[in-house]
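Note sheet for the following structure.
What follows is calculated from the coordinates using simple rules that are stated; it is not laboratory data. Quick caveat: nothing in here was measured; it's all calculated off a predicted structure. Note that each Cβ is placed from the backbone with ideal geometry, even for glycine, and that neighbours are counted across all protein chains shown.
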Amino acid sequence: MMSLPARLISIIVGLVMLIIISYLIRRRQIYNIYAFTWLSFSAFLLLIGFFSPIVEFISYVIGVDFTPVAILVLIIGGMFSILLHLSIIVSGQHQELKRLEKEISLFNVFKPK
Amino acid sequence: MKKDILIMVAALNEDKSIGHVVIEAKEKIKNADILVVDGYSRDKTVEVAIANGATVIQMAKSFGIGGAVEAGILYAYRHGYNYFVRIDADGQHRPAEIINMLNAIENNTADFVIGSRFLGNSNYRPNFLRHFSIFLISALVHLLYKIKIYDCTSGCQLYNRALIEFFARDIRFEYSEVRAIWTAHKAGFKIEEVFLNMAPRTHGVSSFSTLNAFLYMFKNIVDIIFSPPVFIRRHKR
């Protein structure tokens, strides 16, 4: 069973993240589909804060006896998925930038004299 | 007069040799326009190329040689050229030899002609690492895509109109010498190799340093191994 302070911290961090991300989305500083992984991460923190038995269940499933380690494993997994999502976004933007650069290059044609 | 062939040269800081390449290509192949795709060179590549009668476009060098060639393909597509040839800016691909490739494509029904350095008695002597990587890539392409190409990494490639359209319309297409080969093969285009003798490099240094050679090999091998099964729309001949 998670201790009360751990659950409180998890809930508070999840809420703060949710507020920051929603604020950034509203100010158009994060494009909403890119915020998807961040929002699911904060939703996950809130979930383990409110329904802590889920953490015990997960640690049982992945075979970790010490519950805090299971939390760390889950958080690292979440970080990895955020990084993966960022890589996908960056690759998509690279592709898009290249397409634009090709189009622009066709506008500036230097003809021979 | 509308010209038929686009000869594309990707150049970065090549003002010593680019003028020579452009002049020779114009002399030897009459119905061709020369397009130099410059990666914002620091020297006078653009000025020299224009002065010698080439059309120049610029493409940021961070997109690499692949980006430059894609820009060239897009240019050929938009301006309605029937053939697209890519040659190197260092003068190692002789325009006189490219005529053989053009003949091959006009006589035969091939869509894609590769100027191969290994078919005949070539002057080309790559170092061990380079030779090994070319051999490995060729073997992998043969194994996974069932097509035997001796010189997969040759920079001298010739496409016909159908292939230009096929590459230019695919916005997810990323050019590399090897990927162009297997993408075209998977899509059902016919590929042929023609012997091309290389002239020795006169100016500058090859971008193929030992580190680059490893990166090139790594990139291509990852690309070949992780790509199948590929879902490529088949082209109807």
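Odds and ends about this structure:
- Taking every residue in B:69-78 and counting other chain Cβ atoms within 10 Å of its Cβ, the average works out to 3.
- DSSP bridge pairs, chain B: antiparallel proportion in percent, nearest 5: 25
- Burial ordering of B:Trp182, A:Trp38, fewest other beta-carbon atoms within 10 Å first: A:Trp38, B:Trp182
- Sorted ascending by nearby beta carbons within 10 Å, beginning with the fewest, A:Ile76, B:Ile23 become A:Ile76, B:Ile23.
- As a calculated quantity, the FRET efficiency between B:Lys61 and A:Ser3 at R0 = 51 Å, using C-beta atoms, amounts to about 0.35.
- Sites A:Lys113 and B:Ala199, calculated FRET efficiency, Cβ-Cβ separation with R0 30 Å, nearest 0.05: 0.60
- Filter on B:Lys148/B:Lys219; B:Lys30/B:Lys190; A:Lys111/B:Lys28; A:Lys111/B:Lys3 - keep pairs with C-alpha separation over 18 Å: B:Lys148/B:Lys219; B:Lys30/B:Lys190; A:Lys111/B:Lys28
- Peptide-level mean, for A:100-109, of C-beta atoms on other protein chains within 10 Å: 6
- In nm, spacing of pseudo-spin labels at A:Val69 and B:Phe218 (7 Å Cα→C-beta vector): 3.3
- Most to least packed among A:97-105, B:6-14 [average Cβ atoms within 10 Å]: B:6-14, A:97-105
- Estimated inter-spin distance, B:Ile171 and A:Arg99, nm [label 7 Å along Cα→Cβ]: 0.2
- C-alpha center-to-center spacing [the stretch B:173-196, the stretch A:1-55] in angstrom: 49
- Summarising the label geometry, the points placed 7 Å from Cα in the beta-carbon direction at A:Tyr23 and B:Ala51 lie 5.9 nm from one another.
- The protein assembly as shown: Cα Rg divided by the 2.2 N^0.38 Å rule of thumb: 1.29
- Förster-model FRET efficiency, 22 Å R0, A:Ser40 and A:Ser91, C-beta, rounded to 0.05: 0.60
- GNM top mover of A:Ile21, A:Ile30, A:Ile82 - chain A, alpha-carbon springs below 10 Å: A:Ile30
- Shielding score for B:49-56, defined as the mean number of other chain Cβ atoms within 10 Å: 3
- Net length gained if the chain between B:Thr109 and B:Ile147 were fully extended (0.36 nm per residue, minus Cα distance): 12.0 nm
- Helical segments meeting 30 Å axial Cα length and Kyte-Doolittle 0.5 threshold in chain A (DSSP H): A:4-26, A:67-107
- The overall shape of the stretch A:4-106 is oblate: from the C-alpha gyration tensor, with semi-axes ordered a ≥ b ≥ c, the ratio a/c is 1.5 or greater and a/b is no larger than b/c.
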